[in-house]
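Here the structure comes first, spelled out in structure tokens, and everything after it is commentary.
The values are calculated or read from the model by the stated rules, or taken from the named source; none is laboratory data. Since the model is a prediction, treat every value here as computed from it, not as a measurement. Note that we place each Cβ from the backbone using ideal geometry, even for glycine, and neighbour counts take in every protein chain shown. Areas reflect the complete protein model, heavy atoms only, side chains present, ligands, DNA and RNA absent. Shrake-Rupley method; radii C 1.70, N 1.55, O 1.52, S 1.80 Å.
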Amino acid sequence: MDVIEAIRARKSIRGFKSDPVPKQILEKVLELGVRSPSAENGQPWEITVITGKILENIREENIEKLGRHEPFTPEVQMHVYAGIYKERHMKLAAQLYGLMGIAREDTENRRLWVQRGFRFYDAPAAIILTASNSLDESPTQFDLGCLAQTICLAALEYGLGTCIAGQSVLYPEVTRKHCGIPETERIVMSIAIGYPDPDFPANALESTRESLDNITTWIGFD
Ligand SMILES: Cc1cc2nc3c(=O)[nH]c(=O)nc-3n(C[C@H](O)[C@H](O)[C@H](O)COP(=O)(O)O)c2cc1C
């Protein structure tokens, strides 16, 4: 797959086949992923890859906490959107609920949809990106963002789909406990990864983008 094809093909996948992803394939994806740029080649990342029973246990405990309405404890700053950013978020949510056939008043199915986010979208594997908490959060997040995008693009070459999933690590203590991630590591982000289920309605989503004209300033061109 060439670069342009991959960039156009990548999209968030929120429904996966149950087929396991071989470790050798995930290794290839991560080997490509770590070719990502980072400031001063600091490579401020550690990677934990989870599958099987441990992943199931994390899903279960996340859902229990969500069910008890326990406050989220993210280890990185979260967006608090307003204005146009909130509008885009609302549009995404409406598109997803629309594709899933979940009506506004259907609180039960909305609740179940939210749960999916805390279950790594039921992917057969999850990649957890962490960084030493001795590092400044903001530049580190930029570097980990580069890593996440490269992983998502590389995954396509192996027929894999991904969803970068902040929701799945909103109770980071759960993932930390089950994976033995040391307290010195900040849990930054997760990526759900697996073979896309082509029949899963939300996977049909083609998210929109603001026109370049509205976000780009060209200087020195005719
Ligand atoms: C930092 C970050 C966190 C995200 N967290 C979630 C999440 O928790 N749940 C989810 O469904 N999608 C999540 N996404 C995926 C975005 O919703 C998605 O990238 C965006 O809607 C654009 O759609 P696309 O990826 O299909 O192009 C996240 C993406 C990023 C970059």
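Return the whole-Å distance between the Cα centroid of the stretch 1-28 and the Cα centroid of the stretch 39-115.
Between the Cα centres of the stretch 1-28 and the stretch 39-115 lies a distance of 20 Å.
Under the Kirkwood approximation applied to all pairs of distinct alpha-carbon atoms, what is the hydrodynamic radius of the stretch 52-135 in Å?
15.3 Å
Give the Rg (one decimal place) followed by the Dmax (whole number) of the stretch 1-97, computed from C-alpha coordinates and expressed in Å.
Answer for the stretch 1-97, Rg first and Dmax second: 17.8, 46 Å.
In nm, what is the difference between 0.36 nm times the number of residues separating His89 and Glu157 and their Cα-Cα distance?
Taking 0.36 nm per residue and subtracting the Cα distance, the gain is 21.6 nm.
At 1.4 Å probe size, with every protein chain present, just tell me what the per residue accessible area of the chain comes to in Å².
It amounts to 59 Å² per residue over the chain.
Taking a quarter of the surface of the Cα convex hull of the stretch 84-222, what do you get in nm²?
11.9 nm²
Determine the principal axes of the Cα atoms in the stretch 163-222, then give the extent along each, sorted from largest to smallest and rounded to whole angstroms.
Over the stretch 163-222, Cα extents along the principal axes are 57, 38, 17 Å.
Add +1 for every Lys or Arg and -1 for every Asp or Glu among the other residues with Cβ under 15 Å from the Cβ of Pro74, and state the total. Before the final figure, lay out each step's value.
Working: positive: Lys65, Arg176, Arg186; negative: Glu70, Glu75, Glu137, Glu173, Glu185.
Summing Lys/Arg as +1 and Asp/Glu as -1 gives -2.
In the structure displayed, which of Lys11/Lys177; Lys23/Lys177; Lys11/Lys86; Lys91/Lys177 lie more than 28 Å apart, Cα to Cα?
Listed pairs above 28 Å: Lys11/Lys177; Lys91/Lys177.
Mind checking the full-extension length gain between Gln149 and Glu206? Use 0.36 nm per residue of separation minus the Cα-Cα distance, one decimal, nm.
Fully extending the segment from Gln149 to Glu206 adds 18.8 nm.
Taking all protein chains in place and a 1.4 Å probe, what share, in percent, of the accessible surface of the chain do carbon and sulfur account for?
On the way: 7130 of 13110 Å².
The C+S portion of the solvent-accessible surface of the chain is 54 percent.
Let's see if you can work this out: charge +1 on each Lys and Arg Cβ, -1 on each Asp and Glu Cβ, no other charges. What is the dipole magnitude of the stretch 1-128 about its Cα centre, in debye to the nearest 20?
Computed about the Cα centre, the dipole is about 420 debye.
Report P(r) for the stretch 14-164: all Cα-Cα distances, bin width 5 Å, range 0 to the bin holding the largest distance, values in whole percent.
All Cα pairs considered, the percentages come to 2, 8, 14, 17, 19, 19, 14, 6, 2, 0, 0.
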